[in-house]
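Chemist: Before we start, here is the structure in question, set down as structure tokens.
Every number here is computed from the coordinates shown, using simple stated rules; none is lab data. Note that the structure is predicted; figures quoted are calculated from it, not measured.
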């Protein structure tokens, strides 16, 4: 059996990564959205496991995560079992962090990277609408939105500046085996 692909989706806060992933995966059941373990309270935007900082660190020390990183004051991990789905030929997609890309690529050199982004005004409107961050947090996220990838990281880009359906179609094209 042909080994599946591992794809990191990265982009600034408010770019619509979770929305586009949800729509693209609904249209293609061959794709798997890797469930992350995160040190934040439960939310409905993506499939993730909410854990305490202590539990995360214990599990990290036990080697439970194939990938792990810290960003925005939180810890993120992806279990080996999520990545192992590539062994069965499945395409595994995860919402990642651009700063963690060198570490992820060191562990999985064949990993593909897709950047989802939007113009600054669109990002600001989306961050305000989701109501998760303070005004100060939103300003900080917008300051980081000038998205530069770490040196040596090659990616394909999706501009998500119209409707979610349009953005999902753009992403879906890049998720096809011949694209990444």
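Chemist: From the square roots a ≥ b ≥ c of the eigenvalues of the alpha-carbon gyration tensor of the chain, which class results: rounded (a/c under 1.5), prolate (a/b over b/c), or oblate?
Modeler: Details: a/c = 1.55, a/b = 1.10, b/c = 1.41.
Since a/c reaches 1.5 but b/c is at least a/b, the shape of the chain is classed as oblate.
Chemist: May I ask for the equivalent-ellipsoid semi-axes of the range 62-157, computed as the square root of five times each C-alpha gyration tensor eigenvalue and listed largest first in whole Å?
Modeler: Numbers: eigenvalues 151, 51, 34 Å².
In descending order the semi-axes read 27, 16, 13 Å.
Chemist: Please work out how much length the chain gains when fully extended from residue 163 to residue 54, using 0.36 nm per residue of separation minus the C-alpha to C-alpha distance, in nm with one decimal. Don't skip to the end; give the middle numbers.
Modeler: On the way: separation 109, 0.36 × 109 = 39.24 nm, distance 3.98 nm.
Answer, rounded to one decimal: 35.3 nm.
Chemist: To check you understand DSSP bridge types, tell me what percent of the beta bridges within the range 6-175 (both residues inside) are antiparallel, rounded to 5. Provide the component values of the computation, followed by the final result.
Modeler: Values: 9 of 27 bridges.
If I count the DSSP bridges inside the range 6-175, around 35 percent turn out antiparallel.
Chemist: Another one. Restricting to Cα pairs below 8 Å that are 6+ residues apart, what does the relative contact order work out to for the chain? Please round to a whole percent. Mind dumping the intermediate values first?
Modeler: Numbers: 296 pairs, mean separation 58.9, N = 180.
Rounded, it is 33 percent for the chain.
Chemist: For the range 1-101, rounded, prolate or oblate, judged on the Cα gyration tensor with a ≥ b ≥ c (square roots of eigenvalues), a/c < 1.5 rounded, else prolate if a/b > b/c? It would help to have the intermediate numbers written out before the result.
Modeler: Numbers: a/c = 1.85, a/b = 1.23, b/c = 1.50.
Oblate shape, in that a/c is at least 1.5 and b/c is the bigger or equal ratio.
Chemist: Taking the alpha-carbon centroid of each part, what is the distance from the range 50-129 to the range 140-171 in angstrom?
Modeler: Using only Cα atoms to place each centre, the spacing works out to 16 Å.
Chemist: So between residue 154 and residue 61, what do we pick up on full extension, going 0.36 nm a residue minus the alpha carbon distance? Display every interim value, and only then the final one.
Modeler: Values: separation 93, 0.36 × 93 = 33.48 nm, distance 3.04 nm.
Result for the pair: 30.4 nm of gain on full extension.
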